[in-house]
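Data first, discussion second: the structure below is written as structure tokens.
The values are calculated or read from the model by the stated rules, or taken from the named source; none is laboratory data. On a predicted model such as this, the values are computed, not experimentally measured, just so you know. Cβ sites come from the backbone with ideal geometry, for glycine too, and all protein chains shown count toward neighbours.
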Amino acid sequence: MKFYDVCIIGGGHSGLVAALAFANYKFNVLCVESKTFSSSSKKDIELRTTAHLLPTVSFLKTIGVWKHLEAYSCPLETLKIVNEKDIENFSPKISNNIFQSNEINQKNFGYNVPLEKSINIFRELVKSCKNINMLDYTSLVSSYLEKEFRIVKLSNGDFIKTKLVIGADGANSVVRNLSGIDVFEKDTDQLALTFNVKHTLEHKNISNELYKIGGPLTTVPILDNNKNLHSSIVWMNNKEVTEQLLSLDKKTFALKLNERSLSILGEMSPITAATKLPVKIMVAQKLVGERIALIGEAAHKLPPIGAQGFNMSVKDIETILQLSIKNIRNVGSSDMLSAYQFKRSPEIFGKAFSVGFLNKLAASEQTAFQNLRAFGLDAINNIGPLKRGIMRLGLG
């Protein structure tokens, strides 16, 4: 029976970062993935990009991997929030609220990186790391405690011994389910469409969020040989409207997109097909079990607003890593995992509430919510200290 300091179940974005982080500090790591991304929905990861906010970039630099992503990253220097007019008689007029990174003495808020490129780079780094054993097409079957270890049975028939099992296996986490950890879950009755576009105006490293009934449409800049004419789109709406959009022919879909985007980047032309993703709020009631810790979407899943998803996952990884280093002789102990629960739960529940509330403001058809959305954004934009504080808070 092989022994590993840490066994990570899930070899997606978060699992790979966790493996590289622990290996960088000389932990012996097993990373288990039930499939590879070449065999999963390749279309899905091709269409998605991931915002890496400054704290995430700092951590990736610390573990020596950011230098491999930097060449493919597009700076996020400005956030423009546009409140669109929804109701002719009551809704406030269209307003622009601009948040610039230099207002908090930063060159940018972070960087946007293509998800496919990021995952492929991380997989190559994992494969070349002597402290990591990566098993594809392998899943967790069961596990049990034996003294100060957890014994893990894998689908390939192997049994392994470890001090700590990290569940990084997504929203339908097997680790979480086998541990009997329940979740708080809310279906927002929305779908998000993700696709890439070419546009006629330069994006100038600006991310735009356009708020209207049904949910925001977000444009995120993509690096494209310095022409600045490509962006990634995340378009949230209620399920019925989204399905109607997907039923349109390409020309009509493009017309609807340009109408909804207010031509903020000139004329947009989709260059990839749209993929739909369900929009849910999910938080695990506990983040830990006996010698088990949950990270990433196994622990929390939020609407795609404010670039919180992956950046919260990296904060999970940083926290559990620091606690493991601090408790090097007793990794995975109940005291260590209690500390992880204590450190991460307030932020996770706080951001689940705030992002959920912001999503409700963004999507609501009620006049009161629409007015609150508009007046709140204007107040933030016009009160300097409040504005700067919220920008820093958004970075984590």
Task: Residue count, the stretch 12-32 (criterion: at pLDDT below 95 and in contact with a strand residue (DSSP E or B) (Cβ under 8 Å, 6 or more places away or on another chain)) - done: 1
TODO: Would you be able to tell me the number of residues in the stretch 304-320 that are over 22 Å from Leu210 (Cβ atoms) and in a loop (DSSP other than H, G, I, E, B)?
DONE: 0
Task: Boolean, Val141 is assigned by TED's automatic domain parsing to the domain that holds Cys7 and either out of contact with any strand residue (DSSP E or B) (no Cβ under 6 Å at 6 or more places or on another chain) or of a type in the set (A, V, I, L, M, F, W, C) (or both) - done: yes
- [ ] Can you confirm whether the stretch 225-239 contains a residue that is free of Cβ contacts under 8 Å to residues at least 60 places away in the same chain, basic (Lys, Arg) and over 25 Å from Lys117 (Cβ atoms)?
- [x] yes
Open item on the list: Take the residues in the stretch 153-185 that are under 25 Å from Ala21 (Cα atoms), β-branched (Val, Ile, Thr) and touching a Lys or Arg at 6+ places or on another chain (Cβ under 8 Å); name whichever of them is surrounded by the most Cβ atoms within 10 Å (Cβ to Cβ).
Closed with: Val165
Open item on the list: List pairs: first residue in the stretch 90-116 and among the hydroxyl-bearing types (Ser, Thr, Tyr) and at pLDDT 85 or above, second residue assigned to a strand (DSSP E or B) and surrounded by 13 or more Cβ atoms within 10 Å (Cβ to Cβ) anywhere in the structure, Cβ distance under 9 angstrom, at least six positions apart or on different chains.
Closed with: Tyr111/Ala51; Tyr111/His52; Tyr111/Leu53; Tyr111/Cys74; Tyr111/Pro75; Tyr111/Leu76
TODO: Specify the residue that is surrounded by the most Cβ atoms within 10 Å (Cβ to Cβ); the eligible residues are those in the stretch 210-246 that are farther than 17 Å from Ser269 by Cα and of a type in the set (S, T, N, Q).
DONE: Asn237
Open item on the list: I need every pair where a residue in the stretch 305-327 that is more than 19 Å from Leu20 (Cβ to Cβ) has its Cβ under 6 Å from the Cβ of a residue that is modelled with pLDDT of 95 or more, sequence separation at least 6 or different chains.
Closed with: Asn327/Met336
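Give me the residue from the stretch 263-313 that is among the β-branched types (Val, Ile, Thr) and touching a Pro at 6+ places or on another chain (Cβ under 8 Å) and, out of that set, surrounded by the most Cβ atoms within 10 Å (Cβ to Cβ).
Let us first name the residues in the stretch 263-313 that are among the β-branched types (Val, Ile, Thr), namely 264, 271-272, 275, 279, 281, 283, 288, 292, 295, 305.
Narrowing the set further to residues that are touching a Pro at 6+ places or on another chain (Cβ under 8 Å) leaves 279, 281, 305.
Details: Val279: 26, Ile281: 19, Ile305: 22.
This residue is Val279.
Name every residue in the stretch 338-355 that is without any contact (Cβ under 8 Å) to a residue 12 or more places away in the chain, over 17 Å from Gly289 (Cα atoms) and among the aromatic types (Phe, Trp, Tyr), in order of residue number.
Residues of the stretch 338-355 that are without any contact (Cβ under 8 Å) to a residue 12 or more places away in the chain, as a first pass: 342, 346, 350, 353-354.
Next, only the ones that are over 17 Å from Gly289 (Cα atoms) stay: 346, 350, 353-354.
Passing the criteria: only Phe353.
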Task: Scope the stretch 276-296; condition among the charged types (D, E, K, R) and at pLDDT 95 or above; matching residues - done: Lys286, Glu290, Arg291
TODO: For Leu191, work out the one condition from (1) within 18 Å of the chain's Cα centre (by Cα); (2) free of Cβ contacts under 8 Å to residues at least 40 places away in the same chain it doesn't fulfil.
DONE: (2)
Open item on the list: Quick check on Ser139: is it touching a Phe, Trp or Tyr at 6+ places or on another chain (Cβ under 9 Å), among the small types (Gly, Ala, Ser) and either at pLDDT below 95 or over 30 Å from Lys204 (Cα atoms) (or both)?
Closed with: no
Task: Count of the stretch 311-365 residues which are at pLDDT below 95 and of a type in the set (Phe, Trp, Tyr) - done: 3
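Considering the stretch 104-145 alone, what residues qualify as being closer than 29 Å to Arg291 by Cβ and assigned to a strand (DSSP E or B)? Quick ask: steps written out before the conclusion?
Residues of the stretch 104-145 that are closer than 29 Å to Arg291 by Cβ, as a first pass: 119, 122-123, 125-145.
Selection gives Ile132, Asn133, Met134, Leu135, Leu140, Val141, Ser142, Ser143, Tyr144, Leu145.
When the stretch 72-89 is examined, which residues are found to be at pLDDT below 70 and under 26 Å from the mean Cα position of the chain (by Cα)? Steps first, please.
Kept after step one, since they are at pLDDT below 70, are these residues of the stretch 72-89: 84-89.
Glu84 - this is the single residue of the stretch 72-89 that is at pLDDT below 70 and under 26 Å from the mean Cα position of the chain (by Cα).
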